[in-house]
Amino acid sequence: MIDTAAFLDDARCAFIVIDLQTGIVARESAPHAAHDVLARCARIAQAFRARSYPVIYVRVTPSADGADALHPIVDVPPPAMVRDAQWATLVPDCGVQADDIVITKRQWGAFYGTELDLQLRRRGVQRIVIGGISTNIGVESTARDAFERGYPLMFVEDAMASFAADEHHHTVERIFPRIGIVRSTDQVMYAMRAPMVNS
């Protein structure tokens, strides 16, 4: 097994938190409740800040006129939703701080059409830890893009959730182990309490 501390003991590591915003967190999630995901992401984010590692919060929303929203031809249409003024607001419990980076995306993945890759590369980030909602949509899409750009990935299984437990489990068990390593919040926190290799 790849050593968790060795992955994290690098100042080029960033934590990316996906879509912990009012309109998404309000939905019922599984297998982990949204409030638990929020709390775990906040704990991890604080540990990253303590090491001066970048923390990046991603949110999703179309522009004000909605002209850049996707309208795909699909067999299963997305659920109807009302986007009020607070829909894309990051919820306070996710722990966002003034020095964190906030990225707004217009689709599932956080790389296309955003400055995420620029922000990572100009900070010298070469490894990514990721959490958020939902596992098989925003998290997976962003992770696939990161993988194709050559970023090593760590997925925090209990710091993410989907809208159905089977969707979460399929992604965590079948997809993520093929593009990165899967760990728990406790494993991440334990590893980050250990002395850094280069200190």
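The values are calculated or read from the model by the stated rules, or taken from the named source; none is laboratory data. Bear in mind the structure is a predicted one, so any value in this text is a computation, not a measurement. Here the Cβ positions follow ideal geometry from the backbone for every residue, glycine too, while neighbour counts run over all protein chains shown.
Scanning segment 70-83 for residues that are of a type outside the set (Gly, Ala, Ser) and without any contact (Cβ under 8 Å) to a residue 40 or more places away in the chain returns LEU70, HIS71, PRO72, ILE73, VAL74, ASP75, VAL76, PRO77, PRO78, PRO79, VAL82. Of all residues in segment 17-39, those satisfying the criterion of being assigned to a loop (DSSP other than H, G, I, E, B), within 22 Å of ALA143 (Cα to Cα) and of a type in the set (Gly, Ala, Ser) are SER29, ALA33.
Would you call SER29 exposed (fewer than 14 other Cβ atoms within 10 Å of the Cβ), polar (S, T, N, Q) and either within 22 Å of VAL188 (Cα to Cα) or at pLDDT 95 or above (or both)? Lay out the reasoning, then the answer.
Working: exposed (fewer than 14 other Cβ atoms within 10 Å of the Cβ): no; polar (S, T, N, Q): yes; either within 22 Å of VAL188 (Cα to Cα) or at pLDDT 95 or above (or both): yes.
Spelling it out, it is not the case that SER29 is exposed (fewer than 14 other Cβ atoms within 10 Å of the Cβ), polar (S, T, N, Q) and either within 22 Å of VAL188 (Cα to Cα) or at pLDDT 95 or above (or both).
Listed by first and then second residue, the pairs with beta-carbon distance under 9 Å, at least 6 apart or on different chains, first residue in segment 141-164 and over 19 Å from TYR57 (Cβ atoms) and free of Cβ contacts under 8 Å to residues at least 60 places away in the same chain, second part of a loop (DSSP other than H, G, I, E, B) and among the hydroxyl-bearing types (Ser, Thr, Tyr), are GLU157/SER184. Within segment 21-34, residues that are over 21 Å from ALA88 (Cβ atoms) sit with their Cβ atoms under 7 Å from residues that are in a loop (DSSP other than H, G, I, E, B) and of a type in the set (Gly, Ala, Ser), at 6+ positions apart or across chains, in these pairs: ALA30/ALA164. GLU173 meets the conditions (1) in contact with a strand residue (DSSP E or B) (Cβ under 9 Å, 6 or more places away or on another chain); (2) under 14 Å from ARG59 (Cα atoms) in every case but one. The failed one is (2). The set of residues from segment 45-73 being touching a strand residue (DSSP E or B) at 6+ places or on another chain (Cβ under 9 Å) and aliphatic (A, V, I, L, M) comprises ALA45, ALA47, VAL55, ILE56, VAL58, VAL60. Contact map, segment 167-192: first residue over 14 Å from ASN136 (Cα atoms), second residue surrounded by fewer than 16 Cβ atoms within 10 Å (Cβ to Cβ), Cβ cut-off under 6 Å, separation 6 or more or different chains; pairs are ILE181/ILE2. The strands (runs of 3 or more DSSP E) found entirely in segment 86-199 that carry 3 or more residues being within 12 Å of the chain's Cα centre (by Cα) are 127-133, 153-161.
Here GLY95, GLY109 are screened, and the one residue that is crowded, with 17+ Cβ neighbours inside 10 Å and without any contact (Cβ under 8 Å) to a residue 40 or more places away in the chain is GLY109. Of the residues making up segment 12-33, those that are charged (D, E, K, R) and touching a Ser or Thr at 6+ places or on another chain (Cβ under 9 Å) are ASP19, ARG27. Taking each residue of segment 1-17 that is on the phi < 0 side of the Ramachandran plot and looking for partners that are polar (S, T, N, Q) and modelled with pLDDT of 90 or more with beta-carbon atoms closer than 6 Å, six or more apart or interchain, yields THR4/GLN187; ARG12/GLN126.
If you go through segment 152-195 and keep only what is at pLDDT below 95 and more than 17 Å from ALA45 (Cα to Cα), you end up with just PRO195.
In segment 5-16, which residues are assigned to a helix (DSSP H, G or I) and either under 19 Å from ILE101 (Cβ atoms) or of a type in the set (A, V, I, L, M) (or both)?
Here is the first cut: in segment 5-16, the residues assigned to a helix (DSSP H, G or I) are 5-8.
Within segment 5-16, ALA5, ALA6, LEU8 meet the criteria.
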